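Below is one structure; the comments refer to it alone.
The values are calculated or read from the model by the stated rules, or taken from the named source; none is laboratory data. Small disclaimer: the values here were computed from a predicted structure and weren't measured. A quick note on method: Cβ atoms are made from the backbone with ideal geometry, for glycine too, and the neighbour counts reach across all protein chains shown. Accessible surface areas use protein heavy atoms only, side chains included; no ligands, DNA or RNA. Shrake-Rupley method; radii C 1.70, N 1.55, O 1.52, S 1.80 Å.
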Amino acid sequence: MDESESSPQSIISERVTVNGTVTLLTLTAEGKLRWTERGQRCLTIEKEVLGFVIEGAKIRIKAVVDNGDGICCAGSKGPLVRKDFVFQPLNEDSQRLWFQHLRDYLASLGRPKRLFVFVNPFGGKKSASKIFLDVVKPLLEDADVQITVQETKYQLHAKEFASALDLTKYDGIVCVSGDGILVEVVNGLLAREDWSDAIKMPLGMVPAGTGNGMAKSLLDSVGEPCKASNAILAIIRGHKCSLDVAAILQGETKFFSVLMLSWGLVADIDIESEKYRWMGSARIDFYAIQRIFHLRQYNGRISFVPAPGFEAYGEPSSYNGESTGKQSICIPSQEQPVKIQQHGYQGPDVNLINLDWRTISGPFVSIWLHNVPWGGEDVMAAPDAKFSDGYLDLIFIKECPKLSLLTLMTELNNGGHVRSPYVIYVKVKAFVLEPGPLTNDPTKGGIIDVDGEVLARGNGSYECEQKTLMVYDKLQITVDQGLATLFTPV
């Protein structure tokens, strides 16, 4: 067969010039570019090729490869680097054919071409702007993705934008930030009149905040490090997965969570350690030791609908989730909840009364609900959590010796804490939290932390001028399976 003709396994195969040497270049039906240059070389278009440009008689392929060793079929597993491959077809007709086939193959991958990008310059180490300019923007330009960039200027700015954004102009929304901006975007999309269509907009996460739990969960699911380059490449490639959304209800007030809810030890550490922010990431470990050796326990009660296989936990009960949204008699909150307008998504339509509920009464050291495995880059809170299984993973501790608690907290980075006999791990479909006061001081309540922000706080807890969305009282959580969509590595 003539080498300039395509074989059944190739889309196009022709002689081209590479670095002054004529060689056979083949685009296979499996999406690989193969040629010979100091040995056999290849590029996998779906994984490594971002885009291409015409430069006179030449075609420049924009790619990312493992390490800087070059482009080879058995590439090493080093850091990803940008690398161009330039070839020159032997005539204009050949160049037109290559242009057409490369364009058509890339188009068949369904990659996003127009993205709206939120950059939060205030989160974490305040590095989001630099990450965007140094990492995100160059790769998006190589992939010929059109972008509209908006820096967030204040809390809930992203929510405001998402609630009014003309979504017909975009193929996805990207958050160069921590998890907080993602949560704002989800709540903004669900506040729209067209929420059922809006929430289908794919959302992408580039880690640039304090926790980065969602980005870590996505990248760790395929064994990739939690780096901005890996995250934006996953977005460029355009693979998607569904994400459960948890609806938190208290009276007429609603909030939608995608990451976690905590009450007790974890919430106290997360929120109260803010006063040590000058210490950087060490503030969490430093304050955790303080809280463990001055351990608090809270009275209260939890009720839940267990997933199959978890029915043995708790005592049988009936649905008790009708929330009043009023102040607790024993712990009157110092604040009134923020009022929100009633429009958009109202939460999953499920008959909770007919479900099989279980109840566990306190006191509790910690209550933790997780939607994804990682709560932060170093905290694998819920090793068995799935993105769209329709369940939240409930991790709680009723009582635990201080030294044992200190030991299990050191295993949060690998999920080993769930093997402790003091930790109970249950998958739940619905959940009701009835938070109470400290066991040793009935005048003081705790903190309810949702996705890294204070949802409610009791009297005598963490002080802050900002109003909370809910009061320190009974609240209900239900799960809408696969409601949102994420860009994912696979």
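Give Ser303, Ser257, Ser273, Ser262 a once-over and let me know the one that is surrounded by 19 or more Cβ atoms within 10 Å (Cβ to Cβ), of a type outside the set (Phe, Trp, Tyr) and closer than 16 Å to Thr210 by Cα. Spell out the reasoning first.
Working: Ser303 fails: closer than 16 Å to Thr210 by Cα; Ser257 fails: closer than 16 Å to Thr210 by Cα; Ser262 fails: closer than 16 Å to Thr210 by Cα.
None of the others qualify; the one that does is Ser273.
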The residue that is farthest from Phe118 (Cα to Cα), considering only those in region 161-179 that are surrounded by fewer than 24 Cβ atoms within 10 Å (Cβ to Cβ) and either in contact with an Asp or Glu (Cβ under 9 Å, 6 or more places away or on another chain) or at pLDDT below 95 (or both), is Leu167
Count of residues meeting criterion [among the small types (Gly, Ala, Ser) and either in a helix (DSSP H, G or I) or touching a His at 6+ places or on another chain (Cβ under 6 Å) (or both)] in region 224-283 = 7
Condition met for Gly458 (among the small types (Gly, Ala, Ser) and open to solvent by less than 10 Å² (accessible area, probe 1.4 Å)) | yes
Regarding Val450, is this residue open to solvent by less than 40 Å² (accessible area, probe 1.4 Å), in contact (Cβ under 8 Å) with a residue 12 or more places away in the chain and touching a Leu at 6+ places or on another chain (Cβ under 6 Å)?
-> yes
Quick check: is even one residue across region 118-128 at pLDDT 95 or above and closer than 15 Å to Ala228 by Cβ?
-> yes
How about region 31-50: which of its residues are open to solvent by less than 30 Å² (accessible area, probe 1.4 Å) and touching a Leu at 6+ places or on another chain (Cβ under 7 Å)?
-> Leu33, Trp35, Cys42, Leu43, Ile45, Val49, Leu50
If the Cβ limit is 8 Å and pairs must be 6+ apart or interchain, which residue in region 254-279 that is under 12 Å from Ile477 (Cα atoms) pairs with which residue that is open to solvent by 40 Å² or more (accessible area, probe 1.4 Å) and not in a helix (DSSP H, G or I)?
-> Lys254/Ile340; Lys254/Gln346
In region 26-59, residues that are farther than 17 Å from Asp104 by Cα and either basic (Lys, Arg) or in contact (Cβ under 8 Å) with a residue 40 or more places away in the chain (or both) total 5
Please find, within region 410-463, the residue that is farthest from His294 (Cα to Cα) out of those that are of a type in the set (Gly, Ala, Ser) and in a loop (DSSP other than H, G, I, E, B).
-> Gly415
Only one of these is β-branched (Val, Ile, Thr), closer than 21 Å to Asp480 by Cβ and open to solvent by less than 50 Å² (accessible area, probe 1.4 Å): Val372, Val379. Name it.
-> Val372
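Would you check which residues across region 425-442 are hydrophobic (A, V, I, L, M, F, W, C) and either touching a Leu at 6+ places or on another chain (Cβ under 9 Å) or buried (at least 21 other Cβ atoms within 10 Å of the Cβ) (or both) and list them?
Scanning region 425-442 gives Val426, Val428, Ala430, Phe431, Val432, Leu433.
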